[in-house]
Amino acid sequence: MPAMSPEERREFARDLGGRLPAGFVLGAATSAFQIEGATHEGGRGESVWDAFTTQPGRILDGSTADRATDHFHRTTEDVALLHDLGVDSYRFSFAWPRLQPEGKGALRASGVEFYERLLDQLAAAGIDTMATLFHWDTPNELRGGWFARDTALRFGDFAHAMGERFGDRIGRWVTVNEPATVTLDGYALGVHAPGATRLFNSLPAAHHQLLGHGLSVQALRAAGVQGGIGIVNVHSPVVPATGSEADAAFAELFDLLHNRVFADPVLLGHYPAPPEGFEALFSALAEVDPADLAVISEKLDFYGLNYYAPTKIAAGSGGSATPDGSSDAMASLPFHLAPWPEFPRTGFGWPIAPEFLGTALDELATRYGSLLPPVFITENGASFADAVELDPETGEPHVHDGSRIDYLAAHLDAAVGAVTGGGPASAISLRGYYVWSLLDNWEWAAGFTQRFGLVHVDFDDFTRTPKDSYAWLRLVAESRT
Ligand code: FCB
């Protein structure tokens, strides 16, 4: 999609807003570890990410998230920003180690108070909530992390305590965010915490996160929560680099590893059958107890889809590059991620390919049919090298992030087009769209080098400056009929 002029962007916003179905939720998303900071306050426990960031060479710019965006001390300002943005809903995550420093036991009062204050402020601003229970900050005290089955049981207990405490005031609950990324980046390739490089031996971490998901669905229901419950998976349509048989086989393999291992058991109640020749790699999943699968496939009220980019796969080992950093383990695999010269790229280098969001929705509809509950796009967005500029006449600060506007416009448009266009995705009930992210924040292994926000954050003094994309999204929200 070619770059639009400022007036074309406003026109597009008005048109798009007018085309959104009645009741369509617009929101902005964040996660605790990426924005809160205050990692040593209120008796918060250590998470695997706190530990990971202290290891030399793990984080691109050597930063930690100790202060992140200082959201912990700035909730009033951040809720005001959400309010002025005009969105209906805020997707945030509870920091497990702030609530259960050791990953078990009674909820810690200081943590509970922090989130109660946030929820009070959101309620006063008329903003609904989607709260994630696990967005990667596993308490470090849980030995073995998600490689240990016990972590799934501890997570179920945490969900129960949270459901009892907050069950009357959360609009929607997300159990687990992107178990695929935690498995692949954290346990297979070692570019995310906890930094394990188990390659295919990482699959137990996938199963335990999914079991934790299912146990937490049961626990939230047992606690009588009022809000709907769902999971968030990141989907990346996979295409082979060429028409060769080898590329096709590895593309199918990667589609399983990235998408189907995480969606099939939740929606169909079983793991996907391994592609021919790769059976041994998936043996950990073939041996799971069928009772676990019954838990994992508990019926959901909604399905959260995160979409950023498609993946192209080629046979043969390539370099060590992954979308999230360099991994020696990646270089040892018999396939690699191939480049997409045909697409423009975000600051992260990710291909900008909005049509593949339509593909992701088509795949969901085709693969899961009537078993797919209503869908929310729970994250979509892009990083660019945004900078604050002062207006020469007024001295007002501005961030001209037209590329982000074009990205968001094209993706929301593609999503609406896919579900209304008469294709397979027309069967999907798409209920909302959350931009990643409300704020520029601490982007995991990339530290402070990637800005995804609708609001610019100065990482030295934490000044917030709404970007042009913020005004653009507000116009979309206002233009709904
Ligand atoms: C997703 C994560 C989110 C953020 C975006 C850019 O994979 O859920 O925390 O890092 O990517």
* Structure fact -> Filter the range 251-270 for residues that are over 25 Å from ALA148 (Cβ atoms) and touching a Pro at 6+ places or on another chain (Cβ under 7 Å); the one that is farthest from the ligand (Cβ to nearest atom) is GLU252
* To do: Within the range 369-378, count every residue that is open to solvent by 10 Å² or more (accessible area, probe 1.4 Å) and either among the β-branched types (Val, Ile, Thr) or touching a residue at least 60 places away in the same chain (Cβ under 8 Å) (or both).
  => 4
* Residue selected from the range 137-169 under the condition closer than 20 Å to ASN233 by Cα and touching a strand residue (DSSP E or B) at 6+ places or on another chain (Cβ under 7 Å), by the criterion surrounded by the fewest Cβ atoms within 10 Å (Cβ to Cβ) -> THR138
* Number of positions in the range 123-182 that are among the acidic types (Asp, Glu) and within 16 Å of the ligand (Cβ to nearest atom) -> 2
* Can you name every residue in the range 432-465 that is more than 16 Å from the ligand (Cβ to nearest atom) and under 17 Å from the mean Cα position of the chain (by Cα)? -> GLY432
* To do: Scan the range 106-127 residue by residue and report those that are among the small types (Gly, Ala, Ser), in contact (Cβ under 8 Å) with a residue 12 or more places away in the chain, open to solvent by less than 70 Å² (accessible area, probe 1.4 Å) and over 19 Å from GLU77 (Cβ atoms).
  => SER110, GLY111
* Residue count for the range 356-401, restricted to those that are part of a helix (DSSP H, G or I), over 24 Å from ARG10 (Cβ atoms) and within 15 Å of the ligand (Cβ to nearest atom) -> 1
* Among the numbered criteria (1) touching a Lys or Arg at 6+ places or on another chain (Cβ under 9 Å); (2) within 20 Å of ALA13 (Cα to Cα), which single criterion is violated by ASP440? -> (2)
* Structure fact -> Looking across the range 236-274 at residues that are in contact with a helix residue (DSSP H, G or I) (Cβ under 9 Å, 6 or more places away or on another chain) and among the aromatic types (Phe, Trp, Tyr), the single one that is least open to solvent (accessible area, probe 1.4 Å) is PHE262
* To do: Starting from the range 61-83, take each residue that is without any contact (Cβ under 8 Å) to a residue 60 or more places away in the chain and under 24 Å from GLU478 (Cα atoms) and list its partners that are in a helix (DSSP H, G or I) and among the aromatic types (Phe, Trp, Tyr), counting only C-beta distances under 7 angstrom and pairs at least six apart or across chains.
  => none
* Kindly indicate whether LEU285 is assigned to a loop (DSSP other than H, G, I, E, B), of a type in the set (A, V, I, L, M), away from the ligand (no atom under 16 Å from the Cβ) and surrounded by 14 or more Cβ atoms within 10 Å (Cβ to Cβ). => no
* To do: Give the range 202-243 a look and list any residue that's assigned to a helix (DSSP H, G or I), within 16 Å of the ligand (Cβ to nearest atom) and closer than 13 Å to LYS299 by Cα, or say none.
  => HIS213
* **Which numbered condition MET130 fails, given (1) open to solvent by less than 50 Å² (accessible area, probe 1.4 Å); (2) over 19 Å from TRP442 (Cβ atoms); (3) in contact with a His (Cβ under 9 Å, 6 or more places away or on another chain)** => (3)
* Hey, among the residues in the range 294-316 that are of a type in the set (S, T, N, Q) and part of a strand (DSSP E or B), which one's surrounded by the fewest Cβ atoms within 10 Å (Cβ to Cβ)? -> THR311
* Some residue of the range 345-357 being open to solvent by 30 Å² or more (accessible area, probe 1.4 Å), under 22 Å from the mean Cα position of the chain (by Cα) and free of Cβ contacts under 8 Å to residues at least 12 places away in the same chain -> yes
* Structure fact -> Considering the range 1-34, residues that are part of a helix (DSSP H, G or I) and within 16 Å of the ligand (Cβ to nearest atom), and then whichever is farthest from GLY186 (Cα to Cα), we arrive at ALA32
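Please find, among SER383, SER370, SER332, the residue that is among the polar types (S, T, N, Q) and over 30 Å from PRO265 (Cβ atoms). Show your work before the answer.
Numbers: SER370 fails: over 30 Å from PRO265 (Cβ atoms); SER332 fails: over 30 Å from PRO265 (Cβ atoms).
After applying the criteria, what remains is SER383.
The values are calculated or read from the model by the stated rules, or taken from the named source; none is laboratory data. Quick caveat, the model's predicted, so the values are computed rather than measured. Cβ atoms come from the backbone with ideal geometry, glycine included; neighbour counts cover every protein chain shown. Accessible surface areas use protein heavy atoms only, side chains included; no ligands, DNA or RNA. Shrake-Rupley method; radii C 1.70, N 1.55, O 1.52, S 1.80 Å.
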